[in-house]
Amino acid sequence: MESHASNIGSKEKYNDSSYKNNLFARNIIGRFFIVAFFVVLSIIALFPLYYLIVSSFKPADQLFTTGLDATINLKVMNLKNYISLFGSQGGLYLSWYKNSLIITILGTILTLLLSSMVGYGLAVYQFRGRNLIFTLVLFIMMVPMEMLLLPMYKLMVSLNLLNTYWGVILPGVVSPTAVFFFRQYAAGLSKDFMDAARIDGCTEFGIFWRVMAPLMIPAFGAMTILVALGNWNNFLWPLIVMRTDQMFTLPVGLMSLLTPYESNYSVLLSGSVLSILPIVIIYLINQEAFMSGLTVGGIKG
């Protein structure tokens, strides 16, 4: 009897060990396929960027004769495209770059400041018309920008802001998307911090600036990348507002290189490569806050 019981116990241990081994093997195989799947997706997503960088060092005739040739051929690759970029059209590329930097920096700072205040106010204060204002914010998010171009253009004409930086910046300084995001994030913050600050004699603006804004740093990090990316890549509105070549932003200026009479694709590609750098730098600086802000902001509220 004892030997029979011991045999049963050993079989149970063997079965349990075998089950654990099978489960471990399945987990390893599952993780392998998941990693392989995302590696393939990453390669597909990064290939256009790789092709853009490689092609920016090739002459224009190589682009048309070889087509989608992403091989690195040091015999034909050189820096002539980048040299021509800064010398073409009287060196306007640096002016375009400067204009985009100014508009992106000012626009992003003002959007973050004003939109965070609006979203914070809608989240933590109780006042008449609060729900109506939030409903209007949601409604504006659903309106295509093309429908707002004509009234915004007439407003810029009346304010004499055509062909100026402020003509591009002002219509977007309070972004409904940013207001909604900050509102959702601030709604999940504890109001005990506000009550403690009021007891210490802090003003309402001081509560926001000194107490609540530091708690919203992940939201600021996420919206910094999204707002800066939108301002940097904005094409249609600067195309309408800016009238002279010297005031073009980078997307508008690069598009002006393509004309019915001449298409300088080699310079266009090199200019596109350099235009990626500011957004990459912003993302590298804010990537941790970006991921944290998107995750928490999507749960809070």
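Return the residue satisfying two criteria in turn: it lies in region 83-95 and is modelled with pLDDT under 80 and either on the phi < 0 side of the Ramachandran plot or under 30 Å from the mean Cα position of the chain (by Cα) (or both), and of such residues it is surrounded by the most Cβ atoms within 10 Å (Cβ to Cβ).
Within region 83-95, the subset modelled with pLDDT under 80 is 87-91.
Add one more test, that the residue is either on the phi < 0 side of the Ramachandran plot or under 30 Å from the mean Cα position of the chain (by Cα) (or both), and what stays is 87-88, 91.
Working: G87: 11, S88: 15, G91: 10.
So the residue we want is S88.
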Item to complete: Answer with yes or no whether I44 is among the β-branched types (V, I, T) and either closer than 30 Å to Y165 by Cβ or in contact with a helix residue (DSSP H, G or I) (Cβ under 8 Å, 6 or more places away or on another chain) (or both).
Response: no
Item to complete: Output the number of residues of region 123-144 satisfying the condition of being surrounded by fewer than 17 Cβ atoms within 10 Å (Cβ to Cβ) and part of a helix (DSSP H, G or I).
Response: 11
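Just wondering, is there one or more residues in region 103-118 that are part of a loop (DSSP other than H, G, I, E, B) and free of Cβ contacts under 8 Å to residues at least 60 places away in the same chain?
Looking only at region 103-118, we keep the residues that are part of a loop (DSSP other than H, G, I, E, B), and these are none.
No; the residues of region 103-118 include none that is part of a loop (DSSP other than H, G, I, E, B) and free of Cβ contacts under 8 Å to residues at least 60 places away in the same chain.
Is it the case that some residue within region 27-44 is basic (K, R), more than 30 Å from N81 (Cβ to Cβ) and modelled with pLDDT under 80?
Within region 27-44, the first condition is being basic (K, R), and the residues that meet it are 31.
From the residues that got through so far, the ones that are more than 30 Å from N81 (Cβ to Cβ) too are 31.
The next check asks that each one be modelled with pLDDT under 80; those that pass are none.
No, region 27-44 contains no residue that is basic (K, R), more than 30 Å from N81 (Cβ to Cβ) and modelled with pLDDT under 80.
Criterion first (within 21 Å of the chain's Cα centre (by Cα) and of a type outside the set (K, R)) does P151 satisfy it? Talk me through it step by step, then tell me what you get.
Numbers: within 21 Å of the chain's Cα centre (by Cα): no; of a type outside the set (K, R): yes.
Taking the combined requirement at face value, the residue does not satisfy it.
Any residue that is in the same structural domain as P238 (by TED's automatic domain parsing), farther than 26 Å from A222 by Cβ, surrounded by 14 or more Cβ atoms within 10 Å (Cβ to Cβ) and out of contact with any strand residue (DSSP E or B) (no Cβ under 7 Å at 6 or more places or on another chain) - is there at least one of those in region 114-122? It would help to see each step written out before you state the result.
At the first step, the residues of region 114-122 found to be in the same structural domain as P238 (by TED's automatic domain parsing) are 114-122.
Narrowing further to those that are farther than 26 Å from A222 by Cβ: none.
Within region 114-122 (the criterion being in the same structural domain as P238 (by TED's automatic domain parsing), farther than 26 Å from A222 by Cβ, surrounded by 14 or more Cβ atoms within 10 Å (Cβ to Cβ) and out of contact with any strand residue (DSSP E or B) (no Cβ under 7 Å at 6 or more places or on another chain)), the answer is no, since none of the residues qualifies.
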Practice prompt. Looking for whichever is loosely packed, with under 13 Cβ neighbours inside 10 Å and charged (D, E, K, R) here; the options are K75, K80, K98, K58. Which one fits?
Written response: K75
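How many residues are surrounded by fewer than 16 Cβ atoms within 10 Å (Cβ to Cβ), hydrophobic (A, V, I, L, M, F, W, C) and within 24 Å of the chain's Cα centre (by Cα) when one looks only at region 188-223?
Filtering region 188-223 down to residues surrounded by fewer than 16 Cβ atoms within 10 Å (Cβ to Cβ) leaves 188, 190-193, 195-196, 198-201, 203-206, 209-210, 214-215, 217.
Filter once more, so that each one left must be hydrophobic (A, V, I, L, M, F, W, C): 193, 196, 199, 205, 209, 215, 217.
Filter once more, so that each one left must be within 24 Å of the chain's Cα centre (by Cα): 215, 217.
Matching residues across region 188-223 total 2.
Filter region 238-267 down to the residues that are of a type outside the set (S, T, Y) and at pLDDT below 85 and list them by number.
Filtering region 238-267 for residues of a type outside the set (S, T, Y) gives 238-243, 245-248, 250-255, 257-258, 260, 262, 264, 267.
Once the filter is applied, which keeps residues that are of a type outside the set (S, T, Y) and at pLDDT below 85, region 238-267 yields L257, L258, P260, E262, N264, V267.
Which ranges mark the helices (runs of 4 or more DSSP H) fully within region 145-260 that have 3 or more residues being hydroxyl-bearing (S, T, Y) and free of Cβ contacts under 8 Å to residues at least 40 places away in the same chain? Working first, answer last.
Working: elements: 149-158, 165-169, 176-187, 192-199, 217-233, 236-241, 250-256.
Those helices (runs of 4 or more DSSP H) do not exist here; none qualify.
The values are calculated or read from the model by the stated rules, or taken from the named source; none is laboratory data. Remember, it's a predicted structure, so these values are computed and weren't measured experimentally. A quick note on method: Cβ atoms are made from the backbone with ideal geometry, for glycine too, and the neighbour counts reach across all protein chains shown.
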